[in-house]
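Engineer: Attaching a single structure in structure tokens format; questions to follow.
The values are calculated or read from the model by the stated rules, or taken from the named source; none is laboratory data. Remember, predicted model here, so these are calculated numbers, not experimental data. A quick note on method: Cβ atoms are made from the backbone with ideal geometry, for glycine too, and the neighbour counts reach across all protein chains shown.
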Amino acid sequence: MSEQVSMGDPGPTGRFGDFGGMYVPESLVPACIELEKEFRQAWADPAFRRRLDNLLRDYAGRPTPLTEARRLSDELGVRVLLKREDLTHTGSHKINNVLGQGLLTLEMGKTRMVAETGAGQHGVATATAAALFGLECVVYMGEVDTRRQELNVFRMELLGAEVRPVRSGSRTLKDAVNEALRDWVATVETTHYCLGSVMGPHPFPWMVRELQSVVGGEAREQCRALLDGADPDLVVACVGGGSNAAGTFAGFVDTGARLVGVEAAGGSAMGHGVPGVLHGMRSYLLQDEWGQILEAESISAGLDYPGIGPEHSYLADVGRARYEIASDEEVLAALQLLSRREGIIPALEPAHALAWLVRAVRSGEVPLGSTVLMTLSGRGDKDAETVMRALA
């Protein structure tokens, strides 16, 4: 590992090595510049940070526990520690980001938030924050995802948000991002785009990572308390856009821990993609020979995205993190394994991380006796119907 690798401030260009940037229509450039300015001021303001910390503690339920998965560890032969983001209010790590962006929306004097969502967890979290702060909320969701995540659609509507199904393109997360960006272009004077992952134009990849770094910061302290000052040998998290992984990795990038992100096999931008531009950023993307974006495929709506956050592309290029894949079949088996060994039903997204870990331990890639931190980014309630149909 190079001593120079860090997850710091990308500066006004928003570049992580060759990746990132601000590839947006001219009409959105002032909004991105304003957002960067407002976030820098807020992030440096002790009063803003105290207000956010208080919300994360008293409303979201932080710090989340570090759970030792003893029966799973005995079966695999490695010590598995779970960072329990599934225990936050709304059931995933997404609440960390939206509480920060909701406060920022108020700071900017805007009255409306728009968001994209795939699995629905970011949409639910955004609708939750909008209800808390008294903001209007519109969530764009691919029509395919509205069908496989009906419960989350109902939750968003119950919270007062308007859910707008997207019927263009592949009708999944990529297309929901497109529509949310179009909305933002047309309504930027009153609207903040609450982007849910470490993707999009600068400052979103950096801002979302900073807001999610609470996960890695807590996990590092908890691991050192449990491991007598040591860090885990391996840190693993699922990756779609990659916000839970980026937040986790931020706590360990300057340690000796191996960092592994796990993508869906049918949406592996790192495994099958090439650098290109999509949704305002330069990153690894699934493309055909003419540069057209390909559709990602996954049993998990949250990982059904044809790209990856630009900072993940940078970490891969410099060799600080590795990006692996898990198939739908492996994911279903891993979800059942954790459910039956630990009484914890994970969302399909973090089940990808466990699926890779199981395979890597059994192949000898992860040595027996290793200590592994895995971020359990969400709970499995939302996926119960999908899993039930798949197993049937």
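Engineer: Would you tally the residues in region 116-145 being touching a strand residue (DSSP E or B) at 6+ places or on another chain (Cβ under 7 Å) and surrounded by fewer than 24 Cβ atoms within 10 Å (Cβ to Cβ)?
Structural biologist: Residues in region 116-145 being touching a strand residue (DSSP E or B) at 6+ places or on another chain (Cβ under 7 Å) and surrounded by fewer than 24 Cβ atoms within 10 Å (Cβ to Cβ): 4 in total.
Engineer: Now for a different question. Taking the residues in region 16-59 that are within 24 Å of the chain's Cα centre (by Cα) and among the small types (G, A, S) as candidates, determine which candidate is modelled with the lowest pLDDT.
Structural biologist: A31
Engineer: What's the number of the condition V98 fails, among (1) over 29 Å from G380 (Cβ atoms); (2) part of a helix (DSSP H, G or I)?
Structural biologist: All conditions are met except number (1).
Engineer: Suppose the filter is polar (S, T, N, Q) and at pLDDT below 95; does T375 pass it?
Structural biologist: Answer is no for this residue.
The rows are residues; the columns are (1) of a type in the set (A, V, I, L, M); (2) within 26 Å of M22 (Cβ to Cβ); (3) in the same structural domain as A334 (by TED's automatic domain parsing).
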site: V239; (1), (2), (3): yes, yes, yes
site: G247; (1), (2), (3): no, yes, yes
site: G251; (1), (2), (3): no, no, yes
site: G256; (1), (2), (3): no, no, yes
site: G261; (1), (2), (3): no, yes, yes
site: G266; (1), (2), (3): no, no, yes
site: W290; (1), (2), (3): no, yes, yes
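Engineer: Another question about this same structure. I'd like the full set of residues that are part of a helix (DSSP H, G or I) and either closer than 24 Å to Y305 by Cα or assigned by TED's automatic domain parsing to the domain that holds V239 (or both), limited to region 101-118.
Structural biologist: Pass one, region 101-118, residues part of a helix (DSSP H, G or I): 101-107.
Matches in region 101-118: Q101 only.
Engineer: Further question: Among the residues of region 204-250, write down those that are in a helix (DSSP H, G or I) and surrounded by fewer than 23 Cβ atoms within 10 Å (Cβ to Cβ).
Structural biologist: Our first condition is that a residue be in a helix (DSSP H, G or I); within region 204-250, this holds for 204-226, 243-249.
Hits for region 204-250 are E210, S213, G217, E218, R220, E221, Q222, R224, A225, L226.
Engineer: Quick check: is even one residue across region 11-26 within 23 Å of L285 (Cα to Cα) and polar (S, T, N, Q)?
Structural biologist: yes
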